[in-house]
Every structure is written in C-alpha cells, then in structure tokens.
Amino acid sequence: MREPLFHVVKRELIDWWKAWLIRLAAVLLALVLSAIVTVIMTGLNPFQVFATIFDGALGTARRTWAFLQGTAILLCISLAVTPAFKMKFWNIGAEGQVLAGAMATATCMIFLGSKVPTLILFIIMVVSAVLAGAVWGLIPAIFKAKWGTNETLFTLMMNYVIMQIISYFVYQWSVPKGSGQIGIINSESHAGWMPALFGQNYLLNILIVVLITAAVYVYLRYSKQGYEISVVGESENTARYIGINVKKVIVRTMVISGALCGLAGFLLVSGTDHTVTRDTAGGQGFTAIMVSWLAKFDPLMMVIAAALIIFLQKGAGEISTQFSLNKSFADILTGIIIFFIIGSEFFINYRLIFRSRHKESKEVAA
Amino acid sequence: MAVPAIELRNITKVFLGKVVANKNVNLTVNYGEILSILGENGSGKTTLMNMIAGIYYPDEGQIFINGEEALIVSPKDAFKYRIGMIHQHFKLVDVFTATENIILGLKDEERYDTKKAAVQVKAIADQYGFELDPDKKIYEMSVSEKQTVEIIKVLYRGADILILDEPTAVLTPQETEKLFAVLRRMREDGKAIIIITHKLHEVLELSDRVSVLRKGEYIGTVETKDATEASLTEMMVGKKVELNIERPDPKDPEERLIVAHLSVKNREGLTVLKDVSFTAMSGEILGIAGIAGSGQRELLETIAGLQPIEYGGVQYITPESGKIEYLRDKTPMEIRELGVRLSFVPEDRLGMGLVGNMDITDNMMLRSYRRGRTMFLERKAPQSLAERIIEQLQVTPSGTSTPVRRLSGGNVQKVLVGREIAAAPTVLMAAYPVRGLDINSSYMIYDLLNAQKKNGVAVIFVGEDLDVLTALCDRIMVIGQGSITGIVDGRTASKEEIGLLMTKGGHVS
C-alpha cells in the first residue's frame, strides 16, 4: 500500500520555550524571505529597507508616540472583541460598533461643544459612545439568542448600516455646507478634545487603554461572568447542565463587547482624529479579530500582537515614501511577516512525521 | 452447496494495540439469504461489517468474496466486489435531490445525466417496491425516505451484497414492515443481505440464519427456525459472570424521587419517553437497563431539568421534613434553589459534565462558582476540593492545573463523580459511569456509589453490563424504546430475564 510522504500529528503539550523558539524562527525566516523578495523586486539593499521600517515606526519621538497611540487603539478594539470570541460568538461587527461610538462622540462634540462644562461634556461623550457601541452589539445578540440568526452575517451587515448613517450625517453637517466632510471639529475651541497630559497629546489616551487592558484581563480570568463566558464558549451543553442561562450570557457579553468598541470609537474621535468619516475605524475592527486570535484571547499577549501589527504598518508606510515604492510593496512585506507568524502556530500545534525509508522497505518485504 | 457470497475466516481487529473489537470471527453469507448479526452494544458488529465495506482493514484473517480471497482496503474496493453498506448515520447531501445523491461521485469522466439516472432510480425503486420521488430534496425527506435513498444508492451501483447497520433503529413499526418486505424481495432476487440488529423479534421474523457476537468474540451461527428469543438471548449475554461487588442491604428506604407518567419528545418531535413511572428510594441503588438509545439519557436529563416535559411530572420528597417539590418545568438552577440536592453524572463526560480545556480546579468550580457575594471567583475552596479528590481517588497526573481533556477516561470520570458526590447529594444519577474504564477504576466507582447508598442517597445507575447491574443494584428497571418494560429485583433476576425485557416495549407489536 502506498503511504504519503509525511503525515500530520497533533502535538501533546509543548514547552513554552519551544513554542517561542518556533515563533522566533518564523520571524527570522520571514525576514530572510522579505530580504530576497526585496532584492529581486526592487534591487534595494534589504538591510537598508529593514532599517527604514524601524525608523518609520520608532525613528523619532513623534513617530514613537504615534506608534504607541496606534497600538493603543488597535489593542482597545482587540480587547473589545475578545469576550465575544471567547464565547464563540463570531462578532465581526467591531468595525461598526467602533463607528457607532465614534459617531456618538462626534455628535456630542458638534452640538454640545462649547455649551456645557468640559467635565460634563466628557461624561456625556463617553456615556453616549459606550451606549451606541453597546446597542450596536446588542441588536445581533438578541436576534441570535431569540431566533438563532447567524451572528457573523448579522454583525457584518450592521457595519454597513452604520457606515450609511455616518455618510448621511457627514453630508448633512458638512463644513462648509455641501463639501461632504465635517472637517476638524471645534478646531478653535478644542472642546471635547482629549487633553494633553505632561505635554503629550496621546498620553491620557494610552493610559486609558492600559487600564482597559488590566480590567479585561481581570474580568476574563477572575470574575464569575468571565468564567461563564469560558464555559459557554467551550460547551453550551455543559453550561446548560450547570444552570447557566446561555442566552443571557450571550446578550450580556455582546453588550460588553460593543460597549468597549464604542469606547474605542470615543478614543479615536476625541483623542486622535477630532472628526468622523465612514473610514474612521479604518478596518481596525477586522484587524483586531486577527490580533485577538493571534494572542489566543490573552489580553497581555494582545499588547505584543497589536504592537507588532502597528509597527509593521507604520514601518511599511515609511518605506513606500522613502524609496518612492508603490504602497503595494510595503503590503507584500507586511503580508509575508504576518503569514509566517500565523503559520508558525501550525507547527506549535502539530508536528510532521516523515516517512522513513527504512520502515517502507520493511513493509514492502512483508 | 453454492459458493458463499462472503466468507470471513479468523478475522481479528485490535484498536490502539489493546482494545479487541473482533477476535477470530468466522462467518458466511450466501446469495439469496438474509443473515442477522446479533450482539449487545460494543460487541463488535459494526467494526466487523466496516471491514467488509473497506472502512477498516483487518489485522488478521481473510475475507473471501465468491470463493476468492479479496483485498478490501477502501470503500471503492468494496464496490468492485459489489458490496454496499448502509450506515447507521446517513451520508447524504441535504440540498441535493435523491437522484443527485445517488449518482454523486460515480463517474468522474462523464457528464452527469440526471434525467436518465432518475429513470433508472425509479426503475430500481419499482422493482423492489420502494416508495421514492427521485426529484425530492434530502432535507424535505423523512428518516425512512433518506434510508431508502441510501439503499437505492448501493443498488444503483450494482451491489449484490448489502450490509445494513441497525436499519430499524430509526424507523417506526410500519416503516420497518415496509423495509422488511423490500429486503425479502431482494432476497428472492438473489442478493446476499446482512443486517445488524439487537432486536430479537426482528431477527426471528426476517432472517434465515443468525450469527452472534459477544464482546468481540464469535459465539456461533444458528438457523433462525431452530432459534427462540430465549436461546438467542443466552448466546448474546452469555453465562452469568460472578463479580465481586459489594451490595449492602438498603437501610430505612423511603421515597425520595417519584416519576409519574412521564412523556418526553425530542427536538425532532419524536416521542422518546412514554408514560414512564417509577420511584427512587433513599439508600438504594436503582439500576436502569436497556439497549443504548432507549431513552435512558433523556430520562436522566429530564429529571435534571434539561429537557421539556410533554406530560407527567417529577416529585422530590425532601428528607426529614417530607416536603414535596415539583420539578416539572424548572431549570437546573431553579431546582437547586428549591434545595433539591440532585447530582448528575451525564453520559457525555467532556461534552456536558466537564469542560475539557479547563483544569481540574476550574472544573470543580462548575457547580459552586456562584458562591460568594462579590463578582469575583473564589478559587481556594475548589482548589482544595480538587486536591482532595485527586488524593482520595488517586487521579493521575496529580496536578490541579492539568486540563481535564489530558486525563485518561478513568481519571476524567473520577474527577466528575468526585465533584458530583462532593455536593452532598440526596439523589445521585449516573449514566454509564464505568463505560470505557478499566477494572480498578470501575470498582472504585462502584465503591463510591455504594458509599453514597449507605449515606442514604437515592442512587440511579444507568448501566449496560448486565453482570454489573445484577451484582450492584437493589432493583433494576428495564427500559425499552422509551417505555418501562419491567422492574425486577436485582438480587434474584437473571440476565436472560432482563435481556428479554430489554427487547420488548414501545412499538413492539
């Protein structure tokens, strides 16, 4: 009988250091392949290109702050999607939930900007952003719990709904009228802009995300609700058996997921963009899903994963301007590196057993 | 005598180097004959047939088809020898029509001509008296229609040797009658038919000869006309094996759980329990015997509040106070809030009783995590409970942070039973608690159940091994197709008596 060249076997538990060795090897291999691709396609010195990537992400103080801010936002959204994913609720509507929060924040800034005291304005902004995100998460959750609708399609559709809503209002409120964009909100008064801390515009924003990270970590690991999420995600039958109200957990968790996304929307508008467009979330609602999975739903690992993605994005942007390369080339390099990192998980979970020539000849003889 | 269609010689199959599924099995099937393969659950019937159908490959022995030795390593090879197997679980594409399913994967090189095929399908159906609409989609079909598609599929491919794995398990009595009529017509047409079953009356009604397997071993073949239900039962269950299981006498038994006229339908709307009534007494082990899938699982899940009740009810009598609680239409949570201390070791250990990816401590917490007034978990008590169970029940490996799915079957069960007993129950229900366990672990579980019994717990034990049931239980309730077919005294009942009761009940006419 013919036997394939190798077969795949699931690993038993792997030592943590071996897992990290595999990941490190994957990054190195990715860099080697990136270097080869760079030479073949552009003729540039690959080391120079790598240096530019690094420079683009962390080269100056300003760039470093922008890197940290970008990491914070992506991390915040990744943390937001995690409870739902841990429950095996495939929420791909983070993009929309972030936009809902962003829209709510921008609305508050436009209409209440200089009419209420700063502290009250911020309270209203945060509350409305969180509520908007929560409602955007709640709707698909209720449909899932009550009628078993497919949450993946539903949350995806919700993204388009909020985009259209934003498009409509951006046109209605555009400055100057009819220009189709809102522009920087309160550019004179800075009302509703997140205040600078120690002279750093992004610092407060980053600290808030640090707090959220700690809170999500504790919530998932040490709270009763976090425990219920794990049980429902692992086995609904077990959850029913011990008397967990599965529907209630689904709805509650999605509200939390949506609320955190809404908060990320607030951070984006109040802390970074000071405006809203239908692209405010910029696809980060989807990138966050990858970050969350890459970190295996561990909030601390998510810090590393989010930082890596943002580092590559910022660095890739720099090489396209620096070497006047097409933007697609930067995407190729980013793609290679992420592909290798995700691919390495396969070798952490499985191992390959190659057919040994010796055994084969014995079998033929038999 | 003519050359047999199939002849098996000394077939042996061992799984994972230790579980013997078949040992030295010999049997023959002739054309124009229906052979029944009879045996209890886990006796190796399906494994044996899968080797003929090319799904498994025997470790030892030979298969002869039409008198010549055959090498069957894949279902494709089986086709080559004109062998077709109808599996217990249908393998059909839901959104395709009957015809499309039948011709699926047949000739890759030609274009499918569904119209022509539909005519042929209809012709086969008419020849043997099937009722089938070739253009009906699978998802619109009843279970019996789907089975018809499976049978025609193998006939369309020219099978002369048909193997049916428990075909009547999913059919109503009327559908069973129709199927039997069709099978008889096939026999007249000269086909060789093997039917796997454990329903004695069907064996006697349909087949020409019966081959019996017990625990993987071939017991023998008899002519159906010479067999009776009693003689077949004895072949099937074997002589009584003496087990050294302790059985203390019940002390001051009192009524603890009363189930009255319970009827339950499953999600598909089929009646799975019909008018079930019994009483579980404190300080007693009540055994439940029956062929797998006769409603045991549903019965326990219904009592635990996991299945809606169609008719009837469950009463719990509180010890000492004697207060009666009605458990119908209550969730597991509500039942616990009533103060009913009901523990349940479900059949599906990792899919229901435990969470495989969580460690032992976190699994201990499943029952108790709500304790404490804060929103945070309290891991100290579950941790010490985990340590206690690991020590007392000798769970290996002994770390409390081992994910449960890494434990062996026996250790998983110790963790689950240990947790359920730690809740100090007054009623303990255990479904197949020793399935897949080695002797030592099994005895440990029996001891645990006996200890609970001595503490005055009403123990309900669903088992499959009649030797164990008759050695451990005070009373044995037999369930057949969702009805109670008898309750016998565990100390005096014979295995034959229970075996006969198991095959009765429900729809038997």
Seminar exercise, completed: Counting only residues in segment B:157-175 that are of a type outside the set (Val, Ile, Thr) and part of a helix (DSSP H, G or I), the one surrounded by the fewest Cβ atoms within 10 Å (Cβ to Cβ) is identified as B:Gln174
Exercise. Picking from A:Leu74, A:Leu79, which residue would you name as being touching a residue at least 40 places away in the same chain (Cβ under 8 Å), at negative phi and touching a Pro at 6+ places or on another chain (Cβ under 7 Å)?
Worked result: A:Leu79
For this session: State which residue pairs qualify: first residue closer than 22 Å to B:Glu255 by Cα and in contact (Cβ under 8 Å) with a residue 40 or more places away in the chain and inside segment B:303-321, second residue among the polar types (S, T, N, Q) and not in a loop (DSSP other than H, G, I, E, B) in any location, beta carbons under 9 Å apart, and separation of 6 or more residues or different chains.
Result: B:Ile309/B:Ser263; B:Ile309/B:Thr302; B:Tyr311/B:Ser263; B:Gly312/B:Ser263; B:Gly312/B:Ser277; B:Val314/B:Thr302
For this session: Search segment B:378-392 for residues being touching a Lys or Arg at 6+ places or on another chain (Cβ under 8 Å) and closer than 21 Å to B:Arg405 by Cβ, and hand back the single one that is farthest from the other protein chains (Cβ to nearest Cβ).
Result: B:Ile389
Exercise. If you go through segment B:412-426, how many residues are over 22 Å from the mean Cα position of the chain (by Cα) and not basic (Lys, Arg)?
Worked result: 9
Exercise. Could you list, in sequence order, the residues of segment B:476-509 that are crowded, with 20+ Cβ neighbours inside 10 Å and charged (D, E, K, R)?
Worked result: B:Lys495
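If you scan segment B:201-250, which residues turn out to be more than 25 Å from the chain's Cα centre (by Cα) and buried (at least 16 other Cβ atoms within 10 Å of the Cβ)? Show your work before the answer.
Taking segment B:201-250 first, the residues more than 25 Å from the chain's Cα centre (by Cα) are B:208, B:222-227, B:244, B:246-250.
Scanning segment B:201-250 gives B:Asp208, B:Val222, B:Thr224, B:Ala227, B:Arg247, B:Pro250.
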Exercise. Given (1) more than 27 Å from the chain's Cα centre (by Cα); (2) assigned by TED's automatic domain parsing to the domain that holds B:Ile288, where does B:Arg367 come up short, assuming only one miss?
Worked result: (2)
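For segment B:193-291, list the strands (runs of 3 or more DSSP E) that sit wholly inside it and hold at least 2 residues that are hydroxyl-bearing (Ser, Thr, Tyr), touching a residue at least 60 places away in the same chain (Cβ under 8 Å) and assigned by TED's automatic domain parsing to the domain that holds B:Leu472; which are they? Spell out the reasoning first.
Values: elements: B:209-214, B:217-223, B:255-265, B:271-281, B:284-289.
In segment B:193-291, B:271-281 are the strands (runs of 3 or more DSSP E) which contain 2 or more residues that are hydroxyl-bearing (Ser, Thr, Tyr), touching a residue at least 60 places away in the same chain (Cβ under 8 Å) and assigned by TED's automatic domain parsing to the domain that holds B:Leu472.
So that you can scan it fast, the table gives a plain yes or no per residue for (1) surrounded by 21 or more Cβ atoms within 10 Å (Cβ to Cβ); (2) polar (S, T, N, Q):
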{"position": "B:Glu391", "(1), (2)": "no, no"}
{"position": "B:Val404", "(1), (2)": "yes, no"}
{"position": "B:Gln413", "(1), (2)": "yes, yes"}
{"position": "B:Met429", "(1), (2)": "yes, no"}
{"position": "B:Pro433", "(1), (2)": "yes, no"}
Exercise. A:Leu325 versus (1) more than 14 Å from the chain's Cα centre (by Cα); (2) outside any loop (DSSP other than H, G, I, E, B): which is the lone unmet condition?
Worked result: (2)
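Among the helices (runs of 4 or more DSSP H) contained in segment B:60-156, which hold 2 or more residues that are over 23 Å from B:Ile6 (Cβ atoms) and more than 27 Å from the chain's Cα centre (by Cα)?
Details: elements: B:75-80, B:98-103, B:114-128, B:143-156.
Answer list for segment B:60-156: B:98-103, B:114-128.
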For this session: Could you list, in sequence order, all residues of segment A:74-97 that are of a type in the set (D, E, K, R) and either over 18 Å from A:Val246 (Cα atoms) or modelled with pLDDT of 95 or more (or both)?
Result: A:Glu95
Problem set entry | Pick from segment B:356-373, criterion touching a residue at least 40 places away in the same chain (Cβ under 8 Å) and of a type in the set (A, V, I, L, M, F, W, C), ranking: farthest from the other protein chains (Cβ to nearest Cβ) | B:Ile360
Exercise. Do we find that B:Gly353 is within 22 Å of A:Glu236 (Cα to Cα) and either within 14 Å of chain A (Cβ to nearest Cβ) or in contact with a Pro (Cβ under 7 Å, 6 or more places away or on another chain) (or both) in this structure?
Worked result: yes
Exercise. Looking only at segment B:454-476, which residues are part of a loop (DSSP other than H, G, I, E, B) and small (Gly, Ala, Ser)?
Worked result: B:Gly456, B:Gly463
For this session: Could you look through segment A:118-160, keep only residues that are over 25 Å from the mean Cα position of the chain (by Cα) and exposed (fewer than 14 other Cβ atoms within 10 Å of the Cβ), and pick out the one that is modelled with the highest pLDDT?
Result: A:Ile123
Exercise. Is it the case that segment B:312-328 has a residue that's in contact with a Ser or Thr (Cβ under 6 Å, 6 or more places away or on another chain), closer than 24 Å to B:Lys265 by Cβ and more than 9 Å from chain A (Cβ to nearest Cβ)?
Worked result: yes
For this session: Go through (1) within 23 Å of the chain's Cα centre (by Cα); (2) surrounded by 15 or more Cβ atoms within 10 Å (Cβ to Cβ); (3) at pLDDT 90 or above; (4) of a type in the set (Val, Ile, Thr) and name the single condition A:Val218 misses.
Result: (2)
Seminar exercise, completed: Only one of (1) in a helix (DSSP H, G or I); (2) at pLDDT below 90; (3) in contact with a helix residue (DSSP H, G or I) (Cβ under 9 Å, 6 or more places away or on another chain) does not apply to B:Arg435, and that is (1)
Problem set entry | Every residue from segment A:243-255 that is more than 15 Å from A:Phe143 (Cα to Cα), surrounded by fewer than 22 Cβ atoms within 10 Å (Cβ to Cβ) and either at the interface with chain B (Cβ under 7 Å from one of its Cβ atoms) or of a type in the set (Val, Ile, Thr) (or both) | A:Gly243
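The values are calculated or read from the model by the stated rules, or taken from the named source; none is laboratory data. Because the structure is predicted, anything quoted here is derived from the model rather than measured. With ideal geometry, Cβ positions are generated from the backbone for all residues, glycine too; neighbour counts draw on all protein chains shown.
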